[in-house]
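K.L.:
Sharing a structure here in structure tokens format.
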Amino acid sequence: MSNIVHDTLPCGIEYGVMHLPGRHIVSFQIRMLSGVCLEPDDKLGLARLLSHTIDMGTEAHTGREIADAFDAIGASHGGGTGRETTTFSCTTLPDHFERSLELHAEFLRTPTFPTDVVDVHIDLQKQELVALEDDASSLADKLMGEKAYGSVLGRHALGNEASLAQITRTDIHDHWKSNFCAGRMLVTVAGPIEPKRVADLLQQSFEGFGSQERSGREPFKGDFAPGMYHQDKDLEQEQIGICWPGVDATHEAFATQQILLGVLSGGMSGRLFTEVREKQGLVYWVSAWQETPRNTGMLFMGASTMPDRCDQTYRTLLREVERIAEDLEQDELDRAVTGLAAHLDTRGDSTRARCGELANDIFFFGRPISHEEKIGKLEAVTIDSIRTYLNDYPRDRLCVVTLGPRALADEAVRTRRMD
Amino acid sequence: MNSPYTQHTLPNGLRVVIETMPDVRSAAAGFLVRTGARDETRDLAGVSHFLEHMMFKGTPNRTWRDITIDFDRMGSTYNAFTSEDCTVYYGWVRQSDIEKQIALLADMMRSEIPEEEFGKERKVILEEIAMAKDSLEHLAFDFIQDKLFAGHPLAWPILGYEDTVADMSRDALWQYFQRRYAPDNMILIVAGNVDPNHIIDVADKLCGGWAASGTDSQRQPPTMKTGTDVFTLDRFNQQIIALSFPSVSSRDELCETAGVAASILGGDNSRFFWNIVQEGIAPRVGAHCMDYTDFGVMILYGSCQPEGIPALYDAIKEQADKITRDGVKPEEVERVKNKRRTGLAVEAETPYHRLTQLMDDMEQYGEPRTVDQRLAEVDAVTVDSIANYFEAYPINIGGHLASVGPSQWPNTEGEPGGNGVSTA
């Protein structure tokens, strides 16, 4: 950990630098702690519009000039809108790090949001909403998110047609003015760059950028809605999603939850792949995963299958989770630990992955965390701790979403009490 | 600079290609089998992909369960995929596990194709085909291939057809496997912080006893069709259009030029981006070169709601005409080159990404290419070479138009060049 510096600058930016001498690229990530959760209720879709238009014109340059300036140094950059953050990522050759950061500072600090550009992007976002209807798995994710997290944390970044119709250029500008500032910035950098140089550049580039007061760290409350939900859609397959509350990333049982998911879906020897696909041939795709907004943890299982097999698939998914408490074996647990540890090791060769990992550590835990500490927690998980976890966090309140030609049969649903 | 590559061919014809990466902690290995959808007959469409699934199903030494457990005991990031040209199996592990990883992959390459697993896997593949039918992009791509290369094996979908998969016998699969999965039709590729001599010893020990088959691909380049084909699919909301034009093969000296031209036209910060997306005509539009060893296609594509398609079509045509007639500017070429340089530096970091690129190099060029070689190819692209490319392969005349979605646009009934309307 001696190669990592984590601190807060006078301008308000919290930053982390992983010094990796010998690497040939630099990656950095700017997380503005402002995502869809901060949108006004009647302006859903605003955060994504902001992230898509912020680099489309500044006080000094047009959007095209900004794009050309990035290309002039060959920097690969992009942005994304999440529930709690808006992220700008960049990978560049070390010689161009300073210029890349300068360009980010320019569009983050002095965007002009040209009206004609904003109008086009509102229309494009409406078209993306229509396109979403043609993407079965993404549509199922959207439906699932709404039920899993409720009306704030469960918002979809695209918003909806009615809310997009309400949004103006002024809304985007005002939202930027209110929520984009140095005090909400978390910046991580990985590569052959001296931490002192990064600190100096950040301070110089963002001094005076809005409020320097540390903010945006408060978690948003989820509103889990257990129940059975079905949306009819003319599809070849039925999309099945199941979720239930777990623990957040900082909880002491989080490592146990990670291992549980590894046992379920960590590789092809995981229980879901083995039982649902390999033994019964019910699906091509099946998976289990978790999402951890701050202070919230949610576990998911998903599969897609032909409609006449969805009841059996659903029952098998649920049975496999429950069966873990009964017959988990040490070898399964060991494989799950090895899978997660090896993932950390192999991705460690990627500068971009190291940068993202550092950003996650600081975002969730407020500090960098060594691989040794992470792996130590995973290795401390036992069969008993998994049984305790399954007992402490029962699957007695499930949210089940199906999308496709038919709802689950009553008989399948009765296998579980839903709420 | 010393080459980072070591190449060796075992007496049975198996090529071994190793890239030594002294600064990394992980390693990746994979077998590239030179067989894919274009080696199939129509009645066995999907056999390469079916075989890819069955290779995980058991060997004389391991059951399917043993195979998955052994992968996961290493914490490997592993998978397989089938393309038109090849089938690939790979794993990415910690450096200390690379020998075990190679051993497992090598064992899989001698599969027993167990009869008892065959029926179950058929159901899984039929689910995969059903999943693909819920994707407009997937349906559109298969339709384009079907029409562009009608009558040629490249027209078959990689997954196969429902009827060919449903009717496929284990014996047919076994025969195909025996012919195609011979060492003289395969390449073992390894990248990472490894000792190349040791890897060659390992390969010899594991694979040296495999019998060569003398198999050879009887591949012929297709004749690309022209005209217009429409596929109406009422259950989707968006329409996809694609204009396809003949292009160069991956082994042509203008291949890199074609790639740069496609980026200028349809990549990030491209002509399509500023003149189509940012004009609000369509949210998704791009240009892409499909390179094969013996021919190539440049595809210009986009999607939007059906009512916007005529405007999207006109806009794509306008840009295609402009770049063919007027060429490109030096700064446009330079921008793409700069991005490629950064991309190459990113790719050089991890054994997994190097393995992926080496697979591509071996399939397309028959040799690994160093970063310096690839940079030199990028640097050789100029305004003039792009002009030469478009002179030889214009994208403002001829070509093929495919339209897929709820609209029957364009209505080609009775018009010359209108090949027909398909429905689903």
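K.L.:
By its C-alpha gyration tensor, with a ≥ b ≥ c as the square roots of the eigenvalues, how is segment A:1-103 shaped: rounded for a/c under 1.5, else prolate for a/b larger than b/c, else oblate?
P.N.:
oblate
K.L.:
Another question, then. Pairs to check: B:Lys225/B:Lys322; B:Lys123/B:Lys205; B:Lys225/B:Lys329; A:Lys147/A:Lys374; A:Lys279/B:Lys133; A:Lys126/A:Lys177. Give those whose C-alpha atoms are more than 28 Å from each other in this structure.
P.N.:
The answer is B:Lys123/B:Lys205; B:Lys225/B:Lys329; A:Lys147/A:Lys374.
K.L.:
Please provide three numbers in whole Å: the alpha-carbon extents of segment B:5-207 along the principal axes, with the largest listed first.
P.N.:
Rounded to whole Å, the extents work out to 47, 36, 33 Å.
K.L.:
Out of A:Gln258, A:Gly210, A:Val187, whose Cα points farthest toward the positive end of the dipole of chain A (charges: +1 Lys, Arg; -1 Asp, Glu; placed on Cβ)?
P.N.:
Comparing the listed Cα positions along the dipole, A:Gln258 ranks first.
K.L.:
Please arrange A:Arg64, B:Arg325 by accessible surface area, largest first, computed with a 1.4 Å probe and ligands excluded.
P.N.:
B:Arg325, A:Arg64
K.L.:
Determine the calculated [θ] at 222 nm for chain A from helices alone, applying -39500 (n - 2.57) to every DSSP H run no shorter than 4 residues and normalising by the residue count; nearest 500 deg cm²/dmol.
P.N.:
On the way: 15 runs with 182 residues, N = 419.
Rounded to the nearest 500, the figure is -13500 deg cm²/dmol.
K.L.:
Can you compute log10 of I(q)/I(0) for segment B:239-293 with the Debye formula, treating each Cα as one identical point scatterer, at q = 0.16 Å⁻¹?
P.N.:
Computed log10 I(q)/I(0) values: -0.52.
K.L.:
To the nearest 20 debye, what is the magnitude of the charge dipole of the protein assembly as shown about its Cα centre, counting +1 on the Cβ of each Lys and Arg and -1 on the Cβ of each Asp and Glu?
P.N.:
1000 debye
K.L.:
Peptide A:128-137: average number of partner chain Cβ atoms within 10 Å per residue?
P.N.:
5
K.L.:
Choose one of B:His152, B:Ala191, B:Ile125: the residue whose Cα lies farthest towards the positive end of the charge dipole of chain B (beta-carbon charges +1 Lys, Arg; -1 Asp, Glu; about the Cα centre).
P.N.:
Selected residue: B:Ala191.
K.L.:
Give the distance, in whole Å, between the Cα centre of segment A:107-137 and the Cα centre of segment B:133-158.
P.N.:
One Cα centre to the other: 31 Å.
K.L.:
Charges on Cβ only, +1 for Lys and Arg, -1 for Asp and Glu, centred on the Cα centroid of chain B; of B:Thr87, B:Cys289, B:Ala166, which one is farthest towards the dipole's positive end?
P.N.:
B:Thr87
K.L.:
Another question, then. Is the shape of chain A rounded, prolate or oblate, going by the alpha carbon gyration tensor and its root eigenvalues a ≥ b ≥ c, with a/c under 1.5 for rounded and a/b larger than b/c for prolate?
P.N.:
Verdict is oblate for chain A.
K.L.:
Over segment A:227-413, give the accessible area per residue in Å² for a 1.4 Å probe, as an integer. Display every interim value, and only then the final one.
P.N.:
Values: 6690 Å² over 187 residues.
Ligands and nucleic acids excluded, the figure is 36 Å² per residue.
K.L.:
Kindly express, to the nearest 10 degrees and within the range 0 to 90, the angle between helix A:63-72's C-alpha long axis and the longest C-alpha principal axis of chain A.
P.N.:
The answer is roughly 90 degrees.
K.L.:
Over the whole of B:128-138, what's the average partner chain Cβ count within 10 Å per residue? Rounded to a whole number, please.
P.N.:
What the average comes to for B:128-138 is 5.
K.L.:
Leaving ligands, DNA and RNA out of it, report the carbon-plus-sulfur percent of the accessible area of chain B at a 1.4 Å probe.
P.N.:
That share works out to 48 percent.
K.L.:
Placing unit charges on C-beta atoms (Lys and Arg positive, Asp and Glu negative, everything else neutral), compute the dipole magnitude of segment B:227-423 about its Cα centre in debye, rounded to 20.
P.N.:
Using Cβ point charges on Lys, Arg, Asp and Glu, segment B:227-423 gives about 420 debye.
K.L.:
Where a ≥ b ≥ c are the square roots of the eigenvalues of the C-alpha gyration tensor, would you call segment A:129-175 rounded, which needs a/c under 1.5, or, failing that, prolate if a/b is larger than b/c, or oblate?
P.N.:
It is oblate, given that a/c is not under 1.5 and a/b is not larger than b/c.
K.L.:
Shifting gears a bit: Taking Cα atoms, how many degrees apart are the long axis of helix A:97-109 and the longest axis of chain A, rounded to 10 and kept between 0 and 90?
P.N.:
90 degrees
K.L.:
Also, quick follow-up: For chain B, set up a Gaussian network in which alpha carbons nearer than 10 Å are linked by springs, and say which option among B:Asp294, B:Asp326, B:Asp184 fluctuates the most.
P.N.:
Taking springs between Cα atoms under 10 Å, the residue moving most is B:Asp326.
K.L.:
Using only Cα atoms, locate the centre of segment A:169-234 and the centre of segment A:273-306, then give the distance between them in Å, rounded to an integer.
P.N.:
Segment A:169-234 and segment A:273-306 have Cα centres separated by 30 Å.
K.L.:
Moving to a separate point now. With r defined as the distance between the Cβ atoms of B:Ser217 and A:Gln280 and R0 fixed at 35 Å, what FRET efficiency is calculated, to the nearest 0.05?
P.N.:
For B:Ser217 and A:Gln280, the calculated efficiency is 0.45.
K.L.:
So for chain A, averaging the separation of alpha carbon pairs under 8 Å that are six or more residues apart and normalising by length, what relative contact order in percent results?
P.N.:
Worked out over chain A, it gives 22 percent.
K.L.:
Would you mind checking the tilt of helix B:98-108 against the longest principal axis of the Cα atoms of chain B, expressed as 0 to 90 degrees and rounded to 10?
P.N.:
80 degrees
K.L.:
Nearest 5 percent is fine: what portion of the DSSP beta bridges confined to segment A:227-413 is antiparallel?
P.N.:
So the antiparallel bridges in segment A:227-413 amount to around 75 percent.
K.L.:
Then there's this: Over the Cα atoms, compute the radius of gyration (one decimal) and Dmax (the largest Cα-Cα distance, rounded to a whole number) for chain B, in Å.
P.N.:
Here Rg and the maximum Cα pair distance are 22.7, 67 Å.
K.L.:
Can you compute the charge dipole magnitude of chain B about its Cα centre, using +1 on each Lys and Arg Cβ and -1 on each Asp and Glu Cβ, nothing else charged? Give it in debye, rounded to the nearest 20.
P.N.:
400 debye
K.L.:
So, one more: Ranked from the most accessible area to the least, with a 1.4 Å probe and all protein chains present, what is the order of B:Glu84, A:Glu372?
P.N.:
Output order, biggest surface exposure first: A:Glu372, B:Glu84.
K.L.:
Looking only at other chains, what is the average number of their beta-carbon atoms within 10 angstrom of each beta-carbon in B:16-24?
P.N.:
1
K.L.:
Please tell me the relative contact order of segment B:5-207 in percent, rounded to the nearest whole number, where contacts are Cα pairs under 8 Å and at least six residues apart.
P.N.:
About 40 percent, as a whole number.
K.L.:
Just need the relative contact order of segment A:178-276 here, percent rounded to a whole number, with Cα pairs under 8 Å and 6+ apart. Before the final figure, lay out each step's value.
P.N.:
Working: 44 pairs, mean separation 20.3, N = 99.
Across segment A:178-276, relative contact order equals 21 percent.
K.L.:
Using a probe radius of 1.4 Å on heavy atoms only, what accessible surface per residue do you get for segment A:4-206? Whole Å² is fine.
P.N.:
34 Å²
K.L.:
Sticking with this one: Calculate the length of the line joining the C-alpha centroid of segment A:25-87 to that of segment B:283-317, in whole Å.
P.N.:
Their Cα centres are 27 Å away from one another.
The values are calculated or read from the model by the stated rules, or taken from the named source; none is laboratory data. Since the structure is predicted, the reported quantities are computational estimates derived from the model, not experimental observations. So basically every Cβ, Gly included, is an ideal-geometry build from the backbone, and we count neighbours across all protein chains shown. Side chains included, ligands, DNA and RNA excluded: accessible areas come from the protein's heavy atoms. Shrake-Rupley method; radii C 1.70, N 1.55, O 1.52, S 1.80 Å.
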